[in-house]
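What follows is a single structure, written as structure tokens, with notes after it.
No value in this document is a laboratory result; all are computed from the given coordinates. What you see is a predicted model; the values in this text were computed from it and never measured. With ideal geometry, Cβ positions are generated from the backbone for all residues, glycine too; neighbour counts draw on all protein chains shown.
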Amino acid sequence: MTINRHCPTCRSRQDFRKLNDDEKAWVRAEGSRSYVDNLWRCTAVGCLTYFRIGRINDRGLLPEKFKKEPPADAERP
């Protein structure tokens, strides 16, 4: 399930999805949140922004290891 919202990092409307289990584990381990089931992540290539819907100013960034790479065929002319 995705929702379409404004991403403050991308500065445009993007699809967001809930964090997966690895992302939730990282956010918990990072220590800033204990409840992570209400966090949504931007699905744009290269974006690492996550936040609670309705709380756009309460956001964070996932580490680079969670960066989504563009599909290999997208780089071809």
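Please state, to two decimals, what the Cα-based radius of gyration of the range 2-64 comes to when divided by 2.2 N^0.38 Å (N = residues).
Working it through for the range 2-64, the quotient is 1.01.
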Legend entry - Helix-derived mean residue ellipticity, 222 nm - over the chain, DSSP H n ≥ 4, -39500 (n - 2.57), to 500: -4000 deg cm²/dmol
Inset, instruction - Mind sorting 23, 30, 64 by how few other Cβ atoms lie within 10 Å of their own Cβ, fewest first? - result: 64, 30, 23
